[in-house]
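The block underneath contains the structure these notes are about, expressed in structure tokens.
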Amino acid sequence: MRLALYEPDIPQNTGTMLRLAAVLGIGVDIIEPCGFLLDDRRLRRAGMDYLESVSIIRHNSWKTYEKQRVGTCSSRLLLLTTSGDIPYCDFAYESGDTIMVGSESAGVPDMVHNAVDARLRIPMAQSVRSLNVAVAAAMALGEAMRQTGGYDRLDMEKER
């Protein structure tokens, strides 16, 4: 299981998602450009000392990410989007899936929407636009981990 961040532009959200990934023992792909420097103090403050525990792969662009992903793995790419057609809790996750979130200000462009294997949405009240991207990532990763036995893996590692 992996988390992909498409052109993130708020360092505090990125730091929070990196901390989440460290706690869950999953890797993160950061698809640049970012709207901040990766050594931003706000990112470090949100990620705390967990940043050293997360496996991060940086990609210069969507094109380089897609090329690397296709060349090295066959995992599915799942996009969290308010325009998704499948509720995230109704989706059948697999342990090799990558869950992607878009940038806070712009989401992802059509070329990314068209390249993913599934577009997932979090059901929300009609009077609101969206969730914070870090909260959305946590909800989807939590469900994916539950379905795939990821929490059992973490418990086994803890017992060692």
Checklist line | Segment Asp110-Ser55, length gained on full extension (0.36 nm per residue, minus Cα span) | finding: 17.0 nm
Check: Which value in nm describes the separation of the simple spin-label points at Gln12 and Thr64, placed 7 Å from the Cα toward the beta carbon?
Finding: 2.9
Item checked: Net charge of neighbours whose Cβ lies under 9 Å from the Cβ of Tyr88, counting Lys and Arg as +1 and Asp and Glu as -1 -> -1
Notebook entry, point to check: Roughly what would the spin-label model give for Leu154 and Gln126, points 7 Å off Cα along C-beta, in nm?
Noted result: 3.6
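Read-outs: derived from the displayed coordinates by stated rules, not from any lab. These numbers come from a predicted model, not from an experiment. In this analysis, Cβ positions are derived from the backbone assuming ideal geometry, glycine residues included, and neighbour counts consider all displayed protein chains.
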